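Peer 1: Mind looking over this structure? Questions follow.
We did not get these values from a lab; they are worked out from the coordinates using the rules stated. If you're wondering where the values come from, they're calculated on a predicted model, not measured in any experiment. FYI the Cβ positions are ideal-geometry reconstructions off the backbone, even for glycines, and counts take in every protein chain you see.
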Amino acid sequence: MPHRGTAEKRTAKSDPIFRNRLVNMVVNHIMKDGKKSLAYQIVY
């Protein structure tokens, strides 16, 4: 049992072009070595 309590759920942010959380979740999943701009190019 943690002493600090439970962590609160955070919602995923939406992507800048389509304003869709699912697109941002896919980008974060395929992101390699922190290169988010490359992952956005692949998805779009």
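Peer 1: When the residues of the range 1-17 are narrowed to those that are hydrophobic (A, V, I, L, M, F, W, C) and in contact with a helix residue (DSSP H, G or I) (Cβ under 9 Å, 6 or more places away or on another chain), which ends up surrounded by the fewest Cβ atoms within 10 Å (Cβ to Cβ)?
Peer 2: Across the range 1-17, the extreme among qualifying residues is I17.
Peer 1: Here's something else I'd like to know. Could you grab me the full set of residues in the range 9-29 that are among the polar types (S, T, N, Q) and in a loop (DSSP other than H, G, I, E, B)?
Peer 2: Those that are among the polar types (S, T, N, Q) and in a loop (DSSP other than H, G, I, E, B): T11, S14, N20.
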